[in-house]
Amino acid sequence: MRKIAFLRSVRIQRADPYIQRAVRALAADGIESGLFHTSGTAGDEDFPGHRQRLDRGVTPRELADAVAGWGADAAVSISLPCENALRDATAKAFLEEAGIPTVMSPLTATMLLVDKWETKQLCRRAGLDVPDGFRIDSDLLTGRGLAVPGYRDALRVQAGRIGYPLMSKPVWESTSVGIRTLHSPADLDAHLDRDAHLDPDAHLDPGPRQTPAVVSTVVEQVVEGDLCSVDIVGRPGSYQVLPLCWTGRAGAEPVFTFADLRWCGPHEEADAAFTGVARTLVRLCESLGVQGSVNVDMIYTGGRFVVLEINPRIGGATTLSCAASDTNTFTSLARMALGLPPAGGPARRTGWAIEFLARDGLPPAVRTELARRVRLVTAHDLVIDGVSQGDIVVITLPEGEEDRTVKALTELHEATGFPATEVMGKIGALLSPNP
Ligand SMILES: Nc1ncnc2c1ncn2[C@@H]1O[C@H](COP(=O)(O)OP(=O)(O)O)[C@@H](O)[C@H]1O
Ligand SMILES: [Mg+2]
């Protein structure tokens, strides 16, 4: 084994510093890494290996051909979100035909998990809690193909049975795109008649529409509680469950993913309640033949975990779970590509990891000061859909160092204004709730 290809859709900087560590460790063993990416730019400091930028619209076949053309012995998908997981799972089929084993879930499993409705059924059957809901099929709604005159009323009755507020989510979207809260039957009606803005084909038909163009959605009960997410990495026979990451509050009003602190740390009651859920999730991964990583989004409420979705790919909080457990998901995936057994069982949490957004950026001098005072894992520009959101910062600390860390950050805040007052308040509340 000499060459491993990493397939990537979003900017590689979001994998800092774990991807570089994984690539350097492979190089030390005489293995070359190649990055085949379709977004952003990458320098040697971002990915110290072969780099090939491909067009954003690359087909799975073209992607597989580029990887095979480089002479890869194995490949690993580290793409997100879901449409790119599907692209890579399809490329995997082509790569494996060409004799290049690819660490990624099989296409069949990926196609089920990118679909929120299918995922809900899988979870329910596995014995996991899911929000009660129903599916709105866009073809039936718009009468494309088959006319079902009772369809709207059927949906209204279903909604009434569950009760408002409800949340509507496109079955295939990611990162909260297209999610709407329906507060009343009138909202549902407006939703059933909604405009074309979510239609991927809208640009093909600039003329007036005869029927509302929509995408299929899941409509489900709104659950209030603490949002959390967990990564599971491995392959049938051996899965590693990473520590739970807490990512904000869930309720009727949608919240920007990075609005709150995202953190991984002690939460005894939830960790205990999660043990059984983790076992069930692993069994589900096993039965689907998951290979590589899945990222499960959940809401913790009243002592139980309600599963929102299982993303068939690395998650948005991968850095956080690695930082809190001294593991490296990219190294685990590379080990699997090398045919080595992935680590099994739960990855023990080794301390706290906290992630927050510095909306006004992080000037180099302040970054240096920050790194002097606390353990800085990464600070890099967060780009979502081509728009910079500020710098995303991840720090870690051992348990027992909470007060010292709050003090160090408060001094930095007083001297430089960073972290912002609001962030400082949240960090203080998390680490020193009773100062
Ligand atoms: N049933 C629900 N109740 C409350 N909030 C929800 C519910 N479903 C989704 N959300 C909110 O929307 C966000 C995105 O939902 P999710 O199902 O993870 O889809 P995706 O991440 O693919 O957009 C969640 O993180 C949560 O804030
Ligand atoms: Mg999600």
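Length gained on full extension, W70 to R144: 22.2 nm, using 0.36 nm per residue less the C-alpha separation. The number of Lys pairs in the chain with C-alpha atoms less than 22 Å apart, excluding pairs fewer than 8 positions apart on the same chain, is 4.
222 nm [θ] for the chain, helices only, -39500 (n - 2.57) per DSSP H run of 4+, per residue, to 500?
-11000 deg cm²/dmol
When the Cα atoms of the range 299-398 are aligned to their principal axes, the ranges along those axes come out at 42, 35, 32 Å in descending order. The distance between label points at A154 and F256 comes to 4.1 nm (points 7 Å beyond Cα on the Cα→Cβ vector).
Loop-located trypsin sites (Lys or Arg not before Pro) across the range 14-98 with a Cβ neighbour count of 14 or fewer within 10 Å are R56, with loop assigned by DSSP. Run the Debye formula on the Cα coordinates of the range 253-299, all scatterers equal and no solvent, and tell me log10 I(q)/I(0) at q = 0.18, 0.19, 0.22, 0.30 1/Å. Calculated log10 I(q)/I(0) at the listed q: -0.80, -0.86, -0.98, -1.12.
Compared with the direct C-alpha span, the chain from A343 to D193 gains 49.0 nm at full extension, assuming 0.36 nm per residue. Counting other Cβ atoms within 10 Å, which GluC sites (Glu not before Pro) in the range 1-90 have at most 11 and lie in a DSSP loop? Of the GluC sites (Glu not before Pro), the ones in loops of the range 1-90 whose Cβ has at most 11 other Cβ atoms within 10 Å are E45. Inter-label distance, A371 to Y164: 5.3 nm, where each label sits 7 Å from its Cα along the C-beta direction. FRET efficiency for the pair R2 and M111, taken as 1/(1 + (r/R0)^6) with r the Cβ-Cβ distance and R0 = 45 Å, rounds to 0.90.
Scaled to the globular estimate 2.2 N^0.38 Å, the Cα spread of the range 232-380, given as radius of gyration, is 1.12.
Report the calculated FRET efficiency for A126 and H183 (r = Cβ-Cβ distance, R0 = 25 Å), to the nearest 0.05.
Rounded to the nearest 0.05, the efficiency is 0.20.
In terms of packing, defined here as the mean over residues of other Cβ atoms within 10 angstrom, the peptides 268-275, 313-320, 423-430 line up highest first as 313-320, 423-430, 268-275.
Its residues counted as N, the chain yields a C-alpha radius of gyration over 2.2 N^0.38 Å of 1.01.
With a simple spin-label model that places each label point 7 Å from the Cα along the Cα-to-Cβ direction, the separation between D55 and S238 comes to 4.0 nm. Measuring nothing but how far apart in sequence close Cα pairs (under 8 Å, 6+ apart) lie, relative to its length, the chain scores a relative contact order of 14 percent. Only residues of the range 351-395 count here: report those whose backbone N is under 13 Å from the spot 7 Å along Cα→Cβ of E411, or say none. Backbone N within reach: 369-374.
DSSP beta bridges fully contained in the chain are about 75 percent antiparallel.
Shown here are the Rg and Dmax of the Cα trace of the range 3-104, at 12.3, 34 Å.
Just so you know, all these numbers are worked out from the coordinates, no wet-lab data involved. Just so we're clear, the structure is a prediction, and the values are computed from it rather than from any experiment. Glycine also receives a Cβ, built like all others from the backbone with ideal geometry; neighbour counts cover every protein chain displayed.
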